[in-house]
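**Student:** Pasting a structure below so you can have a look.
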Amino acid sequence: MPTECLFCSLPPERVIMQNELAFAIRDGFPVTELHTLIIPRRHVEDYFGLTSDELLACDALLRGLKSEIVRMDPMVTAFNIGMNAGLAAGQTIFHCHIHLIPRRAGDVVNPRGGVRHIIPGKGFY
């Protein structure tokens, strides 16, 4: 476990939900209110290094958090779920983490294309 990894050394009070293999925190630089990160406990660089059990643990947190977020804010009507795997994809912390980004009607003028907007000009098709 590298000591320089931000996610390996988080204070326990940041954790908002957890299970045996993964935990969740609110994003420190949220895209929208209640933007949450799901992080495997084991230090693994990206999604493709997760075990089947870790994938299931992360999925369980995603589902539980989705329900909790909708309960906390009924204006949330949709979500973007994403992750960056590798430097060229924009990954800056090389410990796997999954973004759960709550979306509300009208939070952007035209949401069509969603995650396709990561490449300018490719979102609308």
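**Student:** Assess whether residue 123 counts as being at pLDDT below 95 and surrounded by 14 or more Cβ atoms within 10 Å (Cβ to Cβ).
**Tutor:** Yes, satisfied.
**Student:** Can you tell me how many residues within region 20-52 are assigned to a loop (DSSP other than H, G, I, E, B), surrounded by 15 or more Cβ atoms within 10 Å (Cβ to Cβ) and either out of contact with any strand residue (DSSP E or B) (no Cβ under 8 Å at 6 or more places or on another chain) or of a type in the set (Val, Ile, Thr) (or both)?
**Tutor:** Summing the residues that are assigned to a loop (DSSP other than H, G, I, E, B), surrounded by 15 or more Cβ atoms within 10 Å (Cβ to Cβ) and either out of contact with any strand residue (DSSP E or B) (no Cβ under 8 Å at 6 or more places or on another chain) or of a type in the set (Val, Ile, Thr) (or both) in region 20-52 gives 5.
**Student:** Could you identify the single residue in 55, 100 that is part of a strand (DSSP E or B) and either touching a helix residue (DSSP H, G or I) at 6+ places or on another chain (Cβ under 9 Å) or more than 20 Å from residue 7 (Cβ to Cβ) (or both)?
**Tutor:** 100
**Student:** Taking region 53-66 on its own, how many of its residues are of a type in the set (D, E, K, R) and either touching a residue at least 60 places away in the same chain (Cβ under 8 Å) or surrounded by 18 or more Cβ atoms within 10 Å (Cβ to Cβ) (or both)?
**Tutor:** So the count comes out to 1.
**Student:** Only residues that are assigned to a strand (DSSP E or B), within 25 Å of residue 45 (Cβ to Cβ) and in contact (Cβ under 8 Å) with a residue 24 or more places away in the chain: list them for region 67-97, please.
**Tutor:** If the condition is that a residue be assigned to a strand (DSSP E or B), within 25 Å of residue 45 (Cβ to Cβ) and in contact (Cβ under 8 Å) with a residue 24 or more places away in the chain, then 79, 80, 82 are the ones that fit.
The values are calculated or read from the model by the stated rules, or taken from the named source; none is laboratory data. This structure is a prediction, so every number in the text was calculated from the model and none was measured. Because the Cβ atoms are built from the backbone with ideal geometry, glycine has one as well, and the counts that use them run over all protein chains shown.
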